[in-house]
Amino acid sequence: MRTRGYVTMLDPFQYKYGERMCGLLFVPALLGEVFWSAAILSALGATLKVILNMDNTHAVIVSACIALGYTLFGGLYSVAYTDVVQLFCIFIGLWLSIPFAMMNPLVQPIATTALTRVVNGTEQTGWLGTVAPQDAAYYADNFLMLTFGGIPWQVYFQRVLSAKTARNAQLLSYIAAFGCLVMALPSVLIGAVAASTDWESTAYFNLTQSTPFSKDDMKLILPLVLQYLCPPAVAFVGLGVVSAAVMSSADSSILSAASMFARNVMKPIFWQTATDRHVIWSMRAAIVVVGIIACILAIQISTIYGLWFLCSDLVYVVLFPQLISVIYLDWSNTYGSLAGYVTGMFLRISAGEALIFLPALFHYPGFVDGSEFYQRFPVKTFSMLASLASSALVSYMTHRLFTEGKLPPAWDVFQCVVPKEIRSVTIAAAAEDDDGLMLPPMVQSKPEANEPELRSDID
């Protein structure tokens, strides 16, 4: 994608499938970015509420304004440079807090609580957790979703596609994969420390008369560990670390959603004559709109994580198979893309989602009923594979039917298989002859208008 000069993740879809199909694919991508931004802004508000006793609404608004400010005026440069600083702060700050938390006298050695731990006087499963055999497919499904569903995100592609060379883009991806593992270790250790703590002897229990293991308090584990198990100075540094982590995600998500809208939706669909200056200003306006929507959602809606989780599903189910098809299947076309889009969307939504109170229309094998129902069947991966199969099959069939002359070129309503010149001649001939005209099989199958215009400034 970098070699071909693409700027956003949706560029190959726009060049090959057309503007309108690209607009449809923009929907799950946009929703994922917006709700992810809202979720992390809400997380920052919860963190500031615990450590600074700050009102959640004010914390979210201030955080959103800061992220909007330097993203709006600095663009990708400000996001890239600030993220480098933020990553170092996260790594150093979290590792700094772990020894203090582990050495707290109220914390048992995490090695002894890995398999079993005592909570409120009762023995429970340790912080490693267990997976019941009947839930193995459910967890495998989520594992695959998190692995492959994390690929088709503009927040990732805006970094690798801005690299100077394709080689640099590859190296950046491999280094980032290793960096994700390293950055995840402190969070795992802090969670293990929290699970190994005698919370009934902490100031938190004296204040709330409860332990932070309830469903509503679990999202506050990290700031609670910093606040009640670390010295004040370390807690202060930890606050900055969490804030940096949130900001590094919020600004990237807001910018990626705005850039996709400006380049792949606004200009090709609504404002074809827009200049580069117009695109930049429309992107800035989109940054403000996306930031405001994310801020409002973070304040008002309590199921942000559920909405983002569903959008992650849609990214995995809809966008991932589409990305495979547009990059690796030369004969993929708009007909197959639309078929895969509808198939994946229908199968995933019909399976239901308890997090957003979406009822299940279909009960797959192993369905667990209740207020928090879930499908043990790997419905996400099944929907993704069905989407990929339908996209490939319909694309192949329509490609063969048109290129072998079994369907009149005039029937190529999406103008994605038959070359424009042949289609124009056929339509003109059909207008003169009521019997129409059937051309011989065609060799060329992709119109020149759909080929990407490679950038001339590639190093």
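The values are calculated or read from the model by the stated rules, or taken from the named source; none is laboratory data. Values in this document were obtained by computation on a predicted structure and should not be read as measured data. Don't worry about glycine lacking a Cβ; one is built from the backbone with ideal geometry, like all the others, and counts go over all protein chains shown.
Is one or more of the residues making up the range 112-124 in a strand (DSSP E or B), at pLDDT below 85 and charged (D, E, K, R)? Looking for residues that are in a strand (DSSP E or B), at pLDDT below 85 and charged (D, E, K, R), one finds at least one in the range 112-124, hence yes.
Just a yes or no: is a residue in the range 179-194 touching a strand residue (DSSP E or B) at 6+ places or on another chain (Cβ under 6 Å) and closer than 22 Å to Ala43 by Cβ? Yes, there is a match, as at least one residue in the range 179-194 is touching a strand residue (DSSP E or B) at 6+ places or on another chain (Cβ under 6 Å) and closer than 22 Å to Ala43 by Cβ.
Of the helices (runs of 4 or more DSSP H) entirely within the range 252-366, none holds at least 2 residues that are free of Cβ contacts under 8 Å to residues at least 12 places away in the same chain, polar (S, T, N, Q) and surrounded by fewer than 20 Cβ atoms within 10 Å (Cβ to Cβ). Once the range 187-206 is narrowed to residues that are of a type in the set (A, V, I, L, M, F, W, C) and more than 15 Å from Leu106 (Cβ to Cβ), the residue that is surrounded by the fewest Cβ atoms within 10 Å (Cβ to Cβ) is Val188.
Let's see how each residue does on (1) in contact with a Leu (Cβ under 6 Å, 6 or more places away or on another chain); (2) of a type outside the set (A, V, I, L, M); (3) within 30 Å of Ser383 (Cα to Cα); (4) loosely packed, with under 11 Cβ neighbours inside 10 Å:
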residue: Ile92; (1), (2), (3), (4): no, no, no, no
residue: Ile98; (1), (2), (3), (4): yes, no, no, no
residue: Ala101; (1), (2), (3), (4): yes, no, no, no
residue: Asn104; (1), (2), (3), (4): yes, yes, no, no
residue: Val107; (1), (2), (3), (4): no, no, no, no
residue: Ala111; (1), (2), (3), (4): no, no, no, yes
residue: Glu123; (1), (2), (3), (4): no, yes, no, yes
residue: Trp127; (1), (2), (3), (4): no, yes, no, no
residue: Ala136; (1), (2), (3), (4): no, no, yes, no
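Within the span defined as the range 221-236, one or more residues are assigned to a helix (DSSP H, G or I) and either among the basic types (Lys, Arg) or under 24 Å from the mean Cα position of the chain (by Cα) (or both).
For the range 322-371, what are the residues that are aromatic (Phe, Trp, Tyr) and under 17 Å from Leu24 (Cα atoms)?
Of all residues in the range 322-371, those aromatic (Phe, Trp, Tyr) come to 328, 331, 335, 341, 346, 357, 362, 364, 367.
Listed by number, the residues that qualify are Tyr335, Tyr341, Phe346.
When each of Ser210, Ser243 is tested for being under 17 Å from Gly45 (Cα atoms) and surrounded by fewer than 22 Cβ atoms within 10 Å (Cβ to Cβ), the lone residue that passes is Ser243.
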